[in-house]
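What follows is a single structure, written as structure tokens, with notes after it.
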Amino acid sequence: MILSTITKTGDGVAANAWSLSAQDVAEIALGATLLGAGGGGDPYLSQLAVRHCLQSGQSVEVIAPEDLADDACIACLAGFGAPTVEAEKMQSSAAMVYALRAYESRFGRRIDALIAAEMGGGNAIVPLLAAAETGLPVIDGDGMGRAFPELQMTSYHLNGVSATPFVLADDHLNVVTCELGAGAPEKMAEAFARSATIEMGMQAYIVCYLMTGAQAKRAVLAHTLTLSRVVGRAIAAARSDGDPVRRLVHLLNNAMQSQAAIHLFDGKVTDLWRSTEKGFAKGWCQLEDLKGSGATARAQFQNEYLLFSIDGVSRAMTPDLICLLDRETLQPIPTPDVRYGQRLAVLGIACHAQFRNAAALQVVGPQAFGFDEVYQPLQQLAPGSGSR
Amino acid sequence: MRIGVDVGGTNTDAVLMNGRRVVALCKQPTSENISDGIVAAIGAVLAQSGVAPQCIRCTMIGTTQFTNAFVERRGMQPVGVIRIALPSTTAVPPLLDWPADARETIGDHCYLVGGGYRYDGRVDSHLDEGALRTAARALCRAGVSSVAISCVFSPLNAEMEQRAQAIMRSEIPGAAISLSSQIGSIGLLARENAAVMNASLAALSQRIVRSFRDALRRLDIDSPFYISQNDGTLLGADDVERYPVLTFASGPTNSMRGAAYLSGIDQAIVADIGGTTTDIGMLVNGFPRESAMTADIGGVRTNFRMPDVLALGLGGGSRVRNGRLVTVGPDSVGYRLTQDAQVFGGETLTASDIACAAGYVELGDCRRVADLPAKFVSDAVAEIHAQIAEGVDKIRTSATPLPLILVGGGSVLVRDPIPGVAQVITPEHAAVANAIGAAIAQVGGEIDRVYAYDTEGRDAVLAAARQTARDRAVAAGAEPDSVEIVDIEELPLAYVPGGAVRVRVKAAGDLALDNAEPVVNSNIQR
């Protein structure tokens, strides 16, 4: 019914609409763990909550961005805070819905559909939970195609959609709204949201990046929810293969494009260093070649894995995805879970083409995270190593 | 002198040790009534050695009884689940990820009440005592007498859980209470799951610990006894009675610690070959390597730190079949080995029969398997070795050849070299490595909480945390001079300001046996 007002088809069912099953949600969550590139938090709890809703008779409709009416009103909904706090406070649909309603009443807009900020980690699932509660559809897409640590690191921002005004609400139903003055840098939205979230106990929901259907068609990374499900399905299918990592890379390249995923290294974690700076979990882990060649690799992280090198030579860097997985189970290993002695495969996955231009690289490239490196695409850094 | 006992699903083993020396050992079938098997095993080692019961300074018991009960859904009871969390956590109610059969036993007695802390341990919501009392009365009416209590961020501050415990006790006479803060670390759902598992075994644990006590009484052993817990350290019997889940992973830990002790090697691969299964793990610095994965036990997600163990369906009781290919396992005759195996006069061909036919060992009457075709026997032997080789290859972390230590009653099944292994070692007394692991167990102390490095300083925090862990180990009964810090983990909390770091420090030391009455009471608050 809502669909008919916002999709072009107008007959109540969008051409590319689908209704999520519990199985879809589990696959999306698994895929989003890989696409999180080490960050974004564990989607386990959120997907449990969504599956619970589906089993209780609620439903989640997904629509493709190209099927949106140009004047539809789309809002991005995300959890904002710290994964550790989420591990304790889990999720509150009531706070999510409250944030949406607060946005509508404060800014006089009626929200027609929801979209994810990031397709990595728990925030891939958060809009699905709110959708189940409200009946609003979710758009098959996001603003990162992976996880990134900051609010402005999105294709929305890069396409001129502003994060503000935004609304933050916590589970006590405290609400903070934020509007930036003309000319204020977008990074201030992140700073305001971060400091309000600290006062909220490091868990809140943010409604932001309000956009029209017309804007969304340009600004959204399309079909990434579907991609996440495909990736999750590929992981599950490859697990039972005799050579799971090789099988997964093959499946990923079939699903995306040739050479989108590259198997960069197989190693055992032999050293690990962590620190915390300005609230970001920084560090690196060192891996030694499992085949005994003596090669040493290093994955540097700041919430997500950002830079990967073998014997000092860069092989993959942000915004391309660097994913560490257990070689046997293919379970993606988030940065907080890396432990000495783990035997891991390192995959590089090409980021969305939107992130590879100069303007985008200023926001999400290596230098945006304080590295000296100049971005080079994964495929150039690792020539011919796809069948490693 | 001390006694180590391993009460497994198939066998009950006992060893008598004098300092570091094994004086006597015995393997008995586990009895339906557990205490009979213990009496038989300990009675035998005392008789063999001629040592009087009064000379036993303490007894250490390792057991998989509680794990097995939960996995097999045996002896479980309904549980009242109290989560102190409102207004948080509502999208993920308790028991959401439990398998239907376990959930059915637990029943539908879940209550969310107001309360909980923030990430820094400050109050987030005040405890709703009225709601707690209402829930307690409802549980009372439903006849539920075991209650699991969890609370948001209770590992940082357990006050609300303890207050809720007091209220439950006042409203439900004789209630058994399980507090999540006593069991698990950060991660509410997994910690709550563990508390509910624990509560579901409340009556069973009383019965089993009572049967341990009863066995020792019948043997005239009146010195203290301890039960080994997940990390290989000891817990007092009273604590196990209240927190049986703390023993869930002790089986593989004991066998691997025992293997290290018996072989004198502390970097190796260990295969513990039992009656039904083989557990393969890695020994690093004399301790089992821990798994990085969340541990699923009986289909329920927990955040226990378990040894990284690969279980194979191969053991002394594994059925051997001669079909198109010779197969061994995964099914086993289990505890009926001494009746069903052919060398013992039974009808079933088992891996133990093959070991006898191959001349690896003499059990029962080996003549009964003398006419098995030689080709069949050698194929079955090859299959057993191939299964072990595959397991070893899966668990190893590098291509560097490591020694393989074989322990457990089924260690006689393997004698030939295993590819990729430096040498295969079957130490003396390998069959009772588990009981030896229990006998040499240490006493531990642990701290796990979030500190602010920016205000307190990293060095000061770590020094304080190490001291607390040491103090707790000593308070739990460790010899002060022997206490060492065995593990330090620092995990900076992403996005949290102030340099918040979760610090986990574990200390362990030898049990102080010189005291007249060593008091092991672990870190559990009464």
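Residue by residue, here is whether (1) farther than 30 Å from B:Asp272 by Cβ; (2) more than 14 Å from chain A (Cβ to nearest Cβ); (3) in contact with a Phe, Trp or Tyr (Cβ under 7 Å, 6 or more places away or on another chain) holds:
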{"position": "B:Arg2", "(1), (2), (3)": "no, yes, no"}
{"position": "B:Val15", "(1), (2), (3)": "no, yes, no"}
{"position": "B:Leu25", "(1), (2), (3)": "no, yes, no"}
{"position": "B:Thr59", "(1), (2), (3)": "no, yes, yes"}
{"position": "B:Gln77", "(1), (2), (3)": "yes, yes, no"}
{"position": "B:Leu112", "(1), (2), (3)": "yes, no, no"}
{"position": "B:Gly116", "(1), (2), (3)": "yes, no, yes"}
(message) Could you list, ordered by first residue, the pairs with Cβ atoms under 6 Å in which the first is in the range A:72-95 and within 10 Å of chain B (Cβ to nearest Cβ) and the second is buried (at least 24 other Cβ atoms within 10 Å of the Cβ) and assigned to a strand (DSSP E or B), at least 6 apart or interchain?
(response) A:Phe80/A:Ala204; A:Phe80/A:Ile206; A:Gly81/A:Gln203; A:Gly81/A:Ala204; A:Val85/A:Gln203; A:Lys89/A:Gln203; A:Ala95/A:Ala169; A:Ala95/A:Tyr205
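Each row is one residue, and each column tells you yes or no for (1) within 14 Å of another protein chain (Cβ to nearest Cβ); (2) under 20 Å from B:Phe66 (Cα atoms).
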site: B:Thr247; (1), (2): no, yes
site: B:Asn254; (1), (2): no, yes
site: B:Asp266; (1), (2): no, no
site: B:Arg301; (1), (2): yes, yes
site: B:Leu312; (1), (2): no, no
site: B:Gly323; (1), (2): no, no
(request) Mind counting the residues in the range A:279-324 that are within 13 Å of chain B (Cβ to nearest Cβ) and of a type in the set (Asp, Glu)? (result) 3
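Being surrounded by fewer than 24 Cβ atoms within 10 Å (Cβ to Cβ), assigned by TED's automatic domain parsing to the domain that holds A:Ile125, under 20 Å from the mean Cα position of the chain (by Cα) and more than 19 Å from B:Ala91 (Cα to Cα) narrows it down to one of A:Ala75, A:Ala69, A:Ala64, A:Ala102, so name that one. Even if it seems obvious, please write down each step before you answer.
Details: A:Ala75 fails: surrounded by fewer than 24 Cβ atoms within 10 Å (Cβ to Cβ); A:Ala69 fails: under 20 Å from the mean Cα position of the chain (by Cα); A:Ala102 fails: under 20 Å from the mean Cα position of the chain (by Cα).
That would be A:Ala64, the only listed residue that is surrounded by fewer than 24 Cβ atoms within 10 Å (Cβ to Cβ), assigned by TED's automatic domain parsing to the domain that holds A:Ile125, under 20 Å from the mean Cα position of the chain (by Cα) and more than 19 Å from B:Ala91 (Cα to Cα).
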(message) With the structure loaded, tell me whether B:Ile425 is surrounded by fewer than 22 Cβ atoms within 10 Å (Cβ to Cβ), aliphatic (A, V, I, L, M) and within 14 Å of chain A (Cβ to nearest Cβ) or whether it fails that test.
(response) no
(message) What's the number of the only condition in (1) in a strand (DSSP E or B); (2) in contact (Cβ under 8 Å) with a residue 40 or more places away in the chain; (3) under 25 Å from B:Ser181 (Cα atoms) that B:Asp296 fails to meet?
(response) (2)
(request) Could you name every one of the helices (runs of 4 or more DSSP H) located completely within the range A:123-223 that has at least 1 residues being of a type in the set (D, E, K, R)? (result) A:126-134, A:187-199, A:213-219
(request) Take the range B:438-483 and flag every residue that is surrounded by fewer than 22 Cβ atoms within 10 Å (Cβ to Cβ) and of a type in the set (S, T, N, Q). (result) B:Thr455, B:Gln467, B:Thr468, B:Ser482
(request) Report, by residue number, each residue of the range A:179-210 that is surrounded by fewer than 17 Cβ atoms within 10 Å (Cβ to Cβ), within 14 Å of chain B (Cβ to nearest Cβ) and small (Gly, Ala, Ser). (result) A:Ala191, A:Ser195
(message) With the structure loaded, tell me whether B:Leu86 is surrounded by fewer than 24 Cβ atoms within 10 Å (Cβ to Cβ), touching a His at 6+ places or on another chain (Cβ under 7 Å) and not assigned by TED's automatic domain parsing to the domain that holds B:Asp222 or whether it fails that test.
(response) no
(request) Go through the range B:214-238 and give me each residue that's surrounded by fewer than 24 Cβ atoms within 10 Å (Cβ to Cβ), part of a helix (DSSP H, G or I) and out of contact with any helix residue (DSSP H, G or I) (no Cβ under 7 Å at 6 or more places or on another chain). (result) B:Arg217, B:Asp238
(message) Just checking: which of the strands (runs of 3 or more DSSP E) contained wholly in the range A:287-388 hold 1 or more residues that are more than 23 Å from B:Thr400 (Cα to Cα) and either β-branched (Val, Ile, Thr) or free of Cβ contacts under 8 Å to residues at least 40 places away in the same chain (or both)?
(response) A:304-310, A:313-317, A:321-326, A:343-349
(request) Considering every residue within the range B:62-72, establish whether at least one is at negative phi and assigned to a loop (DSSP other than H, G, I, E, B). (result) yes
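One line per residue, one yes/no per condition, for (1) of a type in the set (Asp, Glu); (2) under 30 Å from B:Val71 (Cβ atoms); (3) touching a strand residue (DSSP E or B) at 6+ places or on another chain (Cβ under 9 Å):
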position: B:Ala100; (1), (2), (3): no, yes, no
position: B:Gly107; (1), (2), (3): no, yes, yes
position: B:Cys110; (1), (2), (3): no, yes, yes
position: B:Gly115; (1), (2), (3): no, no, yes
position: B:Tyr119; (1), (2), (3): no, no, yes
position: B:Ser125; (1), (2), (3): no, no, yes
position: B:Glu129; (1), (2), (3): yes, no, yes
position: B:Arg133; (1), (2), (3): no, no, no
(request) Filter the range A:35-59 down to residues that are under 20 Å from B:Pro93 (Cα atoms) and assigned to a loop (DSSP other than H, G, I, E, B), then give me how many there are. (result) 7
(request) Please work out if A:Gly122 is buried (at least 24 other Cβ atoms within 10 Å of the Cβ) and touching a Pro at 6+ places or on another chain (Cβ under 8 Å). (result) yes
(request) Within the range B:260-271, identify whether any single residue is of a type in the set (A, V, I, L, M, F, W, C), farther than 30 Å from B:Ala148 by Cβ and in a loop (DSSP other than H, G, I, E, B), and answer yes or no. (result) yes
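The values are calculated or read from the model by the stated rules, or taken from the named source; none is laboratory data. These numbers come from a predicted model, not from an experiment. Every residue, glycine among them, receives a Cβ derived from its backbone with ideal geometry; neighbour counts consider all protein chains shown.
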